[in-house]
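For reference, the structure is listed below as structure tokens.
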Amino acid sequence: MQLGSLPSRPLSLDELRELEDSHRFRAVVPVGVFDLADSDRRLVAAVVFVTDSRVAAVGYDQATDGNGGDAAVQPAGPPGAWTVVNEGEAGDKAATEERVRALEGALRDWADGQPWAEDPSNLVEAL
């Protein structure tokens, strides 16, 4: 899955809904949604995207720069980038739903290693 059109920060829940309404996807399933303190804004750091042919688990990796580098040693630009955690082919409705559930679990396991999993306020730094 190409991630170049995603911003180099977590998505807002409103942005995720816009993606779903764009009809580019059969489904957009938020897996990691966080409420920001003192705000009505919600951030999404993990998503499963379903197209006609693919199902992709995508997560916001706060530790990289999007070019495969370590954000801690990069001189410029906001830290973090979206990464494909796992993906596979979409099938009929039942097979796709099963794959989405499996990828949700894989995405949650992957997210355990992210700074925002323990403290969602880390996501604010990426905005």
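A few comments on the model shown:
- Selection within region 105-115 - closer than 15 Å to residue 58 by Cα, part of a helix (DSSP H, G or I), in contact (Cβ under 8 Å) with a residue 12 or more places away in the chain and not charged (D, E, K, R): 106, 107, 110, 111
- The residues on offer are 31, 85, 55, and the sole one that is farther than 16 Å from residue 114 by Cα, surrounded by 15 or more Cβ atoms within 10 Å (Cβ to Cβ), in contact with a strand residue (DSSP E or B) (Cβ under 7 Å, 6 or more places away or on another chain) and at pLDDT 90 or above is 55.
The values are calculated or read from the model by the stated rules, or taken from the named source; none is laboratory data. Quantities reported herein were computed from a predicted structural model and do not represent experimental measurements. FYI the Cβ positions are ideal-geometry reconstructions off the backbone, even for glycines, and counts take in every protein chain you see.
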